[in-house]
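Data first, discussion second: the structure below is written as structure tokens.
No lab work stands behind these numbers, since they all come straight from the coordinates. Because the structure is a prediction, the values reported are computed rather than measured. Note that each Cβ is placed from the backbone with ideal geometry, even for glycine, and that neighbours are counted across all protein chains shown.
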Amino acid sequence: MVTMGVRQSLGLFVNPLMVSTGLSIATISLALAVGQFTWGAIQPIAGGFADRFGPRAVLIGGLLIMALGSAITPFMSSGFGLIVSLGLLSAMGSGAGSFSVLIGAAAQRLPAVAHGSAAGVINAGGSFGQFVFAPIVQKLIQSIGWMGTMWAMALVTLAALPLVGPLIRPATTSVKHGEAASSVLNAVGNSLKDRSYLLLHAGFFTCGFHIAFLVTHLPGEVQLCGLPPAVASWSLAIIGLANIFGSLYAGSCVAKYRSKYVLAFMYGSRALLIAWYLLMPKTQLIYYVFAAGLGFTWLATVPPTAAIVGKLFGVRYLATLFGMTLLSHQIGGFFGAYLGGLAITRFGDYGWMWYADMVLAALAALVNLPIREAPVVRAAAA
């Protein structure tokens, strides 16, 4: 909740940073785009350390680094400084305390039948963070300024350290490891030869593009429409709230249907929803309805994606291999955040970004269909 809540609220700082530092939106977008990539790049590394040494040290280190990144951001007045604080430190810390490590830890401690639901619950926690943090961050920016808000976020991040305590306990569930005799490097090498794994990466790339574009530039889109900043913060909060239900529902669907069909439905629905948004008048109500629709599938792609990785390769190196898919997700995130800044600078609006997002979502729905995935075995039948 904390790591994702802080991270997914950074788009609310774009306009205050422009006013305070005099930097262009393209420069700030580049810093946040680097953060999107860094968040993904750290996932397989953090996952590998967690697979080898356990999740506790990785999570503690991640929270400390994330707090440092937030704390030094107010002292950064250049694009390079923002890349260091938000693009590297904050993103590395958030990534080390995120999905790959947490879902990998859960998979090591739970039977296979519970993996999908556990991933859904963990994902819902991240979405709840977005729901809680977005309106609070907006209010804090308005009351104590963006610098004070950054320091407040650093303190909140440090306050999450006691939550790592329960992960001191070692895994006690007996889990079959399909690659028990294999090294993590062999597992990664073998996975990259698997066509289904690569198709999964391609679809997840689109998910990252979509989410990073919106979380970074939705406040700017709202401003272009002449609506107050609160519409953007509440839209982000509604996305987080809706994704709580979407994540839990996606986790339950993993136990009932093939995950690749769940993913294809999610990506296809995004393409249709964006087309609807482009045709509608831009009012507060439309933004809130749009946010609710987006939110239901926002990061609900995580449970079925993690489930497919587990089915293909087992759970021994799930944190590492799922971390690799998150890297693909965040490469898409880099382009979504940075190209959005270039689009508004070049054209004065985000029109071409919406069209690209819609086309990529439709393509992502299609590339998931050929993924090799065995039929779901019902619990009762098993």
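How large is the translational diffusion coefficient of the chain in µm² per second when you combine the Kirkwood radius over alpha carbon pairs with Stokes-Einstein at 37 °C and 0.692 mPa s?
Numbers: Rh = 20.5 Å.
Approximately 160 µm²/s, per Stokes-Einstein.
List the lysines whose Cα sits under 28 Å from the Cα of Lys139, skipping any in the same chain fewer than 8 residues away.
Lys282
Listed highest first by mean packing, meaning other Cβ atoms within 10 Å per residue, what order do 57-67, 316-326 come in? Numbers along the way, then the final one.
Details: 57-67: 21.5, 316-326: 28.3.
Ranked by mean Cβ neighbours within 10 Å, highest first: 316-326, 57-67.
Highest mean first, what order results for 131-137, 118-124, 37-43 on Cβ atoms within 10 Å? The partial results should precede the final answer.
Details: 131-137: 21.9, 118-124: 23.9, 37-43: 25.4.
Averaged packing, sorted descending, gives the order 37-43, 118-124, 131-137.
Summarise the long-distance tail of P(r) for the stretch 61-155 by giving the % of C-alpha pairs beyond 17 Å.
Values: 2693 of 4465 pairs.
When every Cα pair of the stretch 61-155 is considered, 60 percent fall beyond 17 Å.
Exposure proxy check: Phe290, Phe265 ranked by fewest other beta carbons within 10 Å?
Values: Phe290 21, Phe265 17.
With the sparsest Cβ surroundings first, the list reads Phe265, Phe290.
Taking a cut-off of 26 Å between Cα atoms, list the lysines near Lys311, but don't count ones fewer than 8 places away on the same chain.
Straight-line reach from Lys311, under 26 Å: Lys176, Lys193, Lys256, Lys260.
How big, on average over all directions, is the shadow cast by the Cα convex hull of the stretch 254-316, in nm²?
Values: hull surface 19.6 nm².
Reported value for the Cα convex hull: 4.9 nm².
Pull out the extension gain between Ser143 and Asn190, defined as 0.36 nm times the separation in residues minus the alpha carbon to alpha carbon distance; nm, one decimal. Mind showing how you got there, number by number?
Details: separation 47, 0.36 × 47 = 16.92 nm, distance 5.25 nm.
Result for the pair: 11.7 nm of gain on full extension.
Residue by residue through the stretch 28-35, what is 3J(HN,Hα) from phi via Karplus (6.51 cos²θ - 1.76 cosθ + 1.60, θ = phi - 60°)? Round to whole Hz and write x for glycine and proline.
Per-residue couplings from phi come out as 5, 4, 5, 4, 5, 5, 4, x Hz.
State, to one decimal in nm, how far the label point of Val156 lies from the label point of Trp352, with both points 7 Å from Cα in the Cβ direction.
With each label point 7 Å from Cα toward Cβ, the separation is 3.5 nm.
Sorted from fewest to most neighbouring beta carbons within 10 Å, what does the list Lys311, Lys256 look like? Walk me through the numbers on the way to the answer.
Values: Lys311 20, Lys256 11.
Fewest-to-most Cβ neighbours within 10 Å comes out as Lys256, Lys311.
How much mean residue ellipticity at 222 nm does the chain get from its helices, if each DSSP H run of length 4 or more adds -39500 (n - 2.57) and you divide by all residues, to the nearest 500 deg cm²/dmol?
Working: 16 runs with 285 residues, N = 382.
So the helix-based figure for the chain works out to -25000 deg cm²/dmol.
Provide, in order from the shortest bin, the percent of all Cα-Cα pairs of the stretch 1-141 in each 5 Å bin, continuing until the bin that contains the maximum pair distance.
Taking every Cα pair in the stretch 1-141, the percentages come to 2, 11, 18, 21, 20, 13, 8, 5, 2, 1, 0.
Against the globular-protein guess of 2.2 N^0.38 Å, express the Cα radius of gyration of the stretch 233-382 as a ratio, rounded to two decimals. Mind showing how you got there, number by number?
Numbers: Rg = 16.9 Å, N = 150, 2.2 N^0.38 = 14.8 Å.
That works out to 1.15 for the stretch 233-382.
Rank-order 80-90, 197-207 by packing density, defined as the average count of other C-beta atoms within 10 Å over each peptide's residues, highest first. Intermediate values should be presented prior to the final figure.
Values: 80-90: 21.8, 197-207: 23.5.
My ranking of the peptides, most packed first, is 197-207, 80-90.
Give me a comma-separated list of calculated 3J(HN,Hα) values for the stretch 95-106, in order, Karplus coefficients 6.51, -1.76, 1.60 applied at θ = phi - 60°, integers in Hz, x for any Gly or Pro.
For the stretch 95-106, the Karplus curve yields x, 5, x, 10, 4, 4, 5, 5, 5, x, 5, 5 Hz.
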